[in-house]
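Visitor: Quick one: structure below, then a few questions.
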Amino acid sequence: MDYILGIDQSTQGTKLLLFDRNGAIAGKTDRSHRQLISEQGWVSHDLNEIYQNLLEALQELLRKTGIDGSQIKAVGISNQRETTCAFDQQGVPFAKAIVWQCGRAAEIAARHADKAELIFGKTGLKLSPYFPAAKMQWFLENELQDIEPEKIRLGTVDTWLICRLTHGAVYKTDATNASRTQLYDIRRGQWDEELMDIFHVRPSMLPEVTDSNGDFGSTDFDGILPAAVPITAAIGDSHAALFGQNCRTEGMIKATYGTGSSIMMNIGDKMVSDPRLSTSIAYQMDGRTFYCLEGNINYTGAVISWLKNDLQLISSPGETEDLIARANPGDQTVLVPAFTGLSAPHWNTEVRAAIMNMSRTTGRSEIVKAAVDSIAQQVTDVVEVMKEVSGHPVRCLRVDGGPTRNHYLMKLQSLLAECSLDVPDREELSAIGAAYMAGMKAGIYSDEVFENLHYQHYRSETNEKRRQQMRRAWKAALAGAEQCEKALG
């Protein structure tokens with residue numbers, strides 16, 4: 001039996017999955033890594049820790065499954081996007097990675113405010129410290145001043161990981177990750193000299209860009225495998241989930257509920273842009289480019305973590321449904337989880353979180369319900385704009401991620417977004433997308449591999465009065481939070 005190894009290097013940890021020749025999961029394991037948060041609130045990852053976790057997880061996976069490493073025929077990698085790495089020619093880090101959530105490059109992004117329109121026009125992305133370009137400039141100004149420029153390598157996690165796994169033999173990224181850097185002209189499909197000049201990044205510091213199902217070299221994982229196997233796919237995690245959900249037809253849409261959320265619509269081979277959304281490369285296969293509209297939300301699953309870790313209102317995410325069932329149905333509390341501002345489609349980094357419209361009887365259950373409601377409301381905001389911009393109706397939303405286990409949330413999402421929801425019977429869509437793409441490139445899978453996915457379907461009963469009431473209350477709460485921000489200056 002031949003196997004494909006799927007690696008999902010995400011914000012919270014590293015997951016490894018083995019897929020058999022039919023595309024079924026034959027085994028999986030994972031390792032979490034530390035979230036390093038400084039006194040300034042900067043968020044970092046230790047790349048050496050991540051690499052060691054990857055090797056240990058692979059050893060454990062082979063032990064658990066009893067599969068011989070020689071049976072692995074190809075590797076596919078999905079990665080946390082926008083997290084930015086600085087390393088040498090062998091993949092050895094110069095510093096800890098700057099995580100996508102980290103806003104330490106805000107001052108640098110502010111310097112380039114007069115170039116925001118130019119940047120958006122070339123990249124489809126609004127100028128932001130969360131994208132790698134500003135993070136790379138921060139590295140160059142604060143961590144890499146004494147290193148010879150020709151020795152510096154800058155890239156996203158996929159680039160660093162491939163470089164490290166191949167001991168410096170391969171320095172590449174794929175088009176999806178490149179399209180999220182703010183240094184890549186997505187119309188022309190190449191690094192842009194004008195953008196590199198803005199952020200002071202030299203061409204020699206950036207990797208070669210290739211197809212998502214490109215040739216990324218081969219690796220034996222530092223001797224864990226008896227022989228090197230080819231890496232035949234590398235793709236950003238949200239894009240991998242879009243592919244794994246088989247959203248390969250123009251107008252198909254998926255939402256990944258993770259720490260934050262990515263709502264992504266395949267818009268085919270013609271680029272469309274709107275300042276309320278991002279436009280990126282959905283994936284690039286065999287020289288053909290497919291674009292996507294995307295709305296990124298900072299706090300969805302993280303709202304549940306906030307209930308658990310900060311407010312201690314729940315001890316596990318599974319408690320939320322029982323608490324919601326006990327909540328007063330007449331309570332109209334609204335929570336706006338703008339802890340670090342409002343992301344797509346509102347784009348207000350100054351506004352802060354708010355709980356509104358509480359009554360004297362609002363308690364634990366009602367606040368938990370308002371927090372879960374906020375997830376569906378934010379996703380609906382993005383879906384409504386996507387319908388408007390693309391001209392495509394949204395009849396079905398394919399969803400994945402831990403919060404999809406919450407039946408209340410899924411039914412509410414169906415109601416608010418006015419569409420059915422498809423929840424796959426597997427959660428690891430990013431790893432699935434990367435592995436299926438790698439297996440197709442290696443000649444092991446065909447399109448039939450997607451038949452392995454089975455869906456649970458949600459279609460909420462039409463309740464237009466409730467939907468309109470909740471949407472009006474949500475929009476009023478957004479306006480109230482923004483007014484409060486303006487009042488506080």
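The values are calculated or read from the model by the stated rules, or taken from the named source; none is laboratory data. In this text the structure is predicted, and so the values were computed from the model without any measurement. Virtual Cβ from ideal backbone geometry, glycine too; neighbours counted across all protein chains shown. Side chains are part of the model used for accessible areas, which takes the heavy atoms of the whole protein and leaves out ligands, DNA and RNA. Shrake-Rupley method; radii C 1.70, N 1.55, O 1.52, S 1.80 Å.
Visitor: Counting only protein heavy atoms and a 1.4 Å probe, tell me what percentage of the range 298-369's accessible area is made up of carbon and sulfur. Intermediate values should be presented prior to the final figure.
Guide: Numbers: 1740 of 3650 Å².
Exposed carbon and sulfur together represent 48 percent of the surface.
Visitor: Shifting gears a bit: If you place +1 on the Cβ of every Lys and Arg, -1 on the Cβ of every Asp and Glu, and leave all else neutral, what size is the dipole of the chain about its Cα centre, to the nearest 20 Debye? Write out the running numbers ahead of the final one.
Guide: Values: 50 positive and 62 negative charges, 268 e Å.
I would put it at about 1280 debye.
Visitor: Seen from all sides and averaged, what is the projected area of the convex hull of the Cα atoms in the range 182-313, in nm²?
Guide: Details: hull surface 48.3 nm².
Result: 12.1 nm².
Visitor: Which of Phe216, Ala106, Trp347 sits farthest toward the positive end of the charge dipole of the chain, with +1 on the Cβ of Lys and Arg and -1 on the Cβ of Asp and Glu?
Guide: Projecting each Cα onto the dipole axis, the largest value belongs to Trp347.
Visitor: Taking 0.36 nm per residue of sequence separation and subtracting the Cα-Cα distance, how much length would be gained by fully extending the chain between Thr361 and Arg188, in nm to one decimal? Don't skip to the answer; put the middle values down first.
Guide: Numbers: separation 173, 0.36 × 173 = 62.28 nm, distance 5.76 nm.
56.5 nm is the gain from fully extending Thr361 to Arg188.
Visitor: May I ask you to list the lysines whose Cα is less than 17 Å away from that of Lys122, ignoring any residue fewer than eight positions away on the same chain?
Guide: List returned: Lys270.
Visitor: Let me ask something else about it. Once you keep just the Cα pairs under 8 angstrom separated by 6 or more residues, what percentage relative contact order results for the chain?
Guide: Values: 1078 pairs, mean separation 71.6, N = 489.
It rounds to 15 percent for the chain.
Visitor: From the residues Thr173, His407, Gly287, which one has its Cα farthest along the dipole of the chain in the positive direction, the dipole being from +1 and -1 charges on Cβ of Lys/Arg and Asp/Glu about the Cα centre?
Guide: His407
Visitor: Right, something else. Just to confirm a number: summing +1 for Lys and Arg and -1 for Asp and Glu over residues other than Ala106 whose beta-carbon lies under 13 angstrom from that of Ala106, what do you get?
Guide: Numbers: positive: Arg104, Arg111, Lys135; negative: Glu107, Glu350.
Taking every Cβ under 13 Å from that of Ala106, the sum is +1.
Visitor: Packing-wise, with mean Cβ within 10 Å as the measure, how do 240-253, 72-85, 464-477 rank, highest first?
Guide: Details: 240-253: 23.4, 72-85: 27.2, 464-477: 14.4.
Output ranking for 240-253, 72-85, 464-477: 72-85, 240-253, 464-477.
Visitor: Rounded to the nearest Å, what's the spacing between the alpha carbon centres of the range 18-52 and the range 228-255? Just the number, please.
Guide: What the calculation gives is 19 Å, centre to centre.
Visitor: Here's something else I'd like to know. What dipole magnitude, in Debye to the nearest 20, does the range 350-489 give about its Cα centre under +1 on Lys/Arg Cβ and -1 on Asp/Glu Cβ? Mind dumping the intermediate values first?
Guide: Numbers: 19 positive and 19 negative charges, 145 e Å.
So the magnitude is around 700 debye.
Visitor: Let me ask something else. Find the centroid of the Cα atoms in the range 471-489 and in the range 334-348, then give the distance between the two in whole Å.
Guide: The two parts, judged by their Cα centres, are 10 Å apart.
Visitor: Could you tell me which of rounded, prolate or oblate describes the range 85-170, using a ≥ b ≥ c as the square roots of the eigenvalues of the alpha-carbon gyration tensor, with rounded for a/c under 1.5 and, failing that, prolate when a/b is larger than b/c and oblate otherwise? Numbers along the way, then the final one.
Guide: Numbers: a/c = 2.22, a/b = 1.74, b/c = 1.27.
It comes out prolate by the Cα gyration axes.
Visitor: If you place +1 on the Cβ of every Lys and Arg, -1 on the Cβ of every Asp and Glu, and leave all else neutral, what size is the dipole of the range 388-464 about its Cα centre, to the nearest 20 Debye? If you can, show how the numbers build up before the last one.
Guide: Values: 7 positive and 12 negative charges, 22 e Å.
Approximately 100 debye in magnitude.
Visitor: Okay, next question. Which of these values of volume of the Cα convex hull per residue in Å³ was calculated from the structure shown: [x] 126; [y] 188; [z] 140?
Guide: Given [x] 126; [y] 188; [z] 140, the calculated one carries the label [z].
Visitor: Pairs Lys254/Lys411; Lys28/Lys96; Lys135/Lys254; Lys28/Lys64; Lys411/Lys465; Lys254/Lys441: which are spaced more than 19 Å apart, C-alpha to C-alpha? Numbers along the way, then the final one.
Guide: Values: Lys254/Lys411 16 Å; Lys28/Lys96 27 Å; Lys135/Lys254 28 Å; Lys28/Lys64 9 Å; Lys411/Lys465 16 Å; Lys254/Lys441 23 Å.
Table pairs above 19 Å Cα-Cα are Lys28/Lys96; Lys135/Lys254; Lys254/Lys441.
Visitor: Here is a further query. Given the rule -39500 (n - 2.57) for each run of at least 4 DSSP H residues, summed and divided by the residues of the chain, what is its mean residue ellipticity at 222 nm, to the nearest 500 deg cm²/dmol?
Guide: On the way: 14 runs with 160 residues, N = 489.
Estimated from H runs of four or more residues: -10000 deg cm²/dmol.
Visitor: For the range 1-90, report the accessible area per residue in Å² (1.4 Å probe, heavy atoms, rounded to an integer). Could you put the intermediate results ahead of the total?
Guide: On the way: 3510 Å² over 90 residues.
Solvent-accessible surface per residue comes out at 39 Å².
Visitor: Per residue, how many Å² of accessible area does the range 308-429 show with a 1.4 Å probe?
Guide: Numbers: 5160 Å² over 122 residues.
Heavy-atom SASA per residue in the range 308-429 reads 42 Å².
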